[in-house]
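S.K.: Sharing a structure with you now.
The values are calculated or read from the model by the stated rules, or taken from the named source; none is laboratory data. No experiment lies behind these values; they were computed from the predicted model shown. Cβ atoms come from the backbone with ideal geometry, glycine included; neighbour counts cover every protein chain shown.
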Amino acid sequence: MKKVLCNCRLKIPLRIRLLRCYIWPILLYGCEAWTIKEVRSSLIVQASNRIEAFEMWTFRRMLATSWTLKVSNEDVLRRVNQRRELLHTMKIRKVAYLGHVLRHERYELLQLIMMGKVAGRRGVGHRKKSWLRNIREWTGIASAAGLFRLAKDRQKFTKLTANLR
């Protein structure tokens, strides 16, 4: 897609639509199952930073902006008249998938696994980030039980999903 996305004869809005239509679905395939881990070390780049970096990289490629020109991300976003939205889209899809799973009967086993606790002791080291903990942090709901209750009401859960940031 490089020839199409970097083609100067095509206007920027059309190239962005092509990017959203052909590139982002490939990137976001299966993102509902991802766990965005919290990394304490400055040496390891967080997955959320990588997603945003990819988004900025594609915009820079469209504008044919070299990294040696030291153009800030804000300038690039201003030139393409966009905001960062790839990570936000991923969050919305993940929270919407949780609501979908909790509302349908055919996912009873998955619901049981999500609501269950694992017996035994936790291993040594800092606490691992879980899939459900990601969603609880993004929605601001502290308990998993409260999140599960809210997911049963489709209208309230849709409002919650729309107000993510």
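S.K.: Hey, any hits in the range 42-49 for a residue that's modelled with pLDDT of 90 or more and under 20 Å from Leu86 (Cα atoms)?
M.R.: Checked the range 42-49: no residue is modelled with pLDDT of 90 or more and under 20 Å from Leu86 (Cα atoms).
S.K.: Checking the condition touching a Phe, Trp or Tyr at 6+ places or on another chain (Cβ under 6 Å) and either assigned by TED's automatic domain parsing to the domain that holds Phe148 or under 30 Å from Phe148 (Cα atoms) (or both), which residue from Gly116, Gly99 passes?
M.R.: After ruling out the rest, the residue left standing is Gly99.
S.K.: List the helices (runs of 4 or more DSSP H) inside the range 1-80, counting only whole elements, that have at least 1 residues being within 22 Å of Val95 (Cα to Cα), in contact (Cβ under 8 Å) with a residue 24 or more places away in the chain and within 22 Å of the chain's Cα centre (by Cα).
M.R.: The helices (runs of 4 or more DSSP H) meeting that bar are 24-27, 47-63.
S.K.: One residue is enough: does the range 121-137 have a residue meeting the conditions basic (Lys, Arg), surrounded by 15 or more Cβ atoms within 10 Å (Cβ to Cβ), modelled with pLDDT of 85 or more and closer than 18 Å to Arg15 by Cα?
M.R.: Within the range 121-137 (the criterion being basic (Lys, Arg), surrounded by 15 or more Cβ atoms within 10 Å (Cβ to Cβ), modelled with pLDDT of 85 or more and closer than 18 Å to Arg15 by Cα), the answer is no, since none of the residues qualifies.
S.K.: Does Arg106 satisfy the condition of being surrounded by fewer than 12 Cβ atoms within 10 Å (Cβ to Cβ), of a type outside the set (Gly, Ala, Ser) and either modelled with pLDDT of 85 or more or closer than 22 Å to Thr161 by Cα (or both)?
M.R.: So Arg106 passes the test.
S.K.: Examine the range 71-82 for a residue that is surrounded by fewer than 15 Cβ atoms within 10 Å (Cβ to Cβ), polar (S, T, N, Q) and closer than 30 Å to Lys159 by Cα, and state whether such a residue exists.
M.R.: yes
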